[in-house]
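Report on the structure given below.
Nothing in this text is a laboratory measurement; each read-out follows from the coordinates by a stated rule. What you are looking at is a predicted structure, and each value in this text was computed from that prediction instead of being measured. Positions of Cβ are generated from backbone atoms using ideal geometry, with glycine treated the same way; all protein chains shown enter the neighbour counts.
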Amino acid sequence: MSEPDFSKLTRPRYPMPDFVEEALLQRGLMDAYRARPAYQQNDYLGWIGRAKRPATVDKRLAQMLDELEAGDRYMKMAYHPKDA
């Protein structure tokens, strides 16, 4: 698996919060997260980070984890990895 190219992002690159990293590691989904294109990784982090209420943060984090686990969705849209 090659490293995603973040140089082409037009949005700011968002840092990964510790609680997101912990959730990915606990669910065994870090590899699935890293396999996604750079824009998807960044979009997930920005989307979670923009939530104002803790309940919304939790809901968005759960959605990201569920989508990574399923492997066929991104932001509730169909996703088909190029390697599949």
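Some points to look at:
- Candidates Asp18, Asp72, Asp31: whichever shows maximal mean-square fluctuation once the chain is modelled as a Gaussian network with Cα springs under 10 Å: Asp18
- By the rule of a C-alpha distance below 23 Å, with chain neighbours fewer than 8 residues away ignored, the lysines paired with Lys8 are Lys82.
- Spacing of the two label points (7 Å from each Cα toward its C-beta) at Ala38 and Gln63, in nm: 2.5 nm
- The chain, relative contact order [Cα under 8 Å, separation at least 6], %: 26 percent
- Reach of Lys59 by Cα under 20 Å, taken over aspartates and glutamates that are not fewer than 8 positions away in the same chain: Asp18, Glu21, Glu22, Asp43, Glu67, Glu69, Asp72
- Spherically averaged projected area in nm², based on the convex hull that wraps the Cα atoms of the chain: 5.7 nm²
- For the chain, modelled as a GNM whose springs connect Cα atoms under 10 angstrom apart, the maximal fluctuation among Pro17, Pro37, Pro54 occurs at Pro54.
- Distance between the modelled labels on Ala51 and Arg73, one decimal in nanometres: 1.5 nm (7 Å Cα→Cβ projection).
- Coil-residue trypsin sites (Lys or Arg not before Pro) of region 24-84, DSSP, other Cβ within 10 Å capped at 11: Arg50, Lys52, Lys76, Lys82
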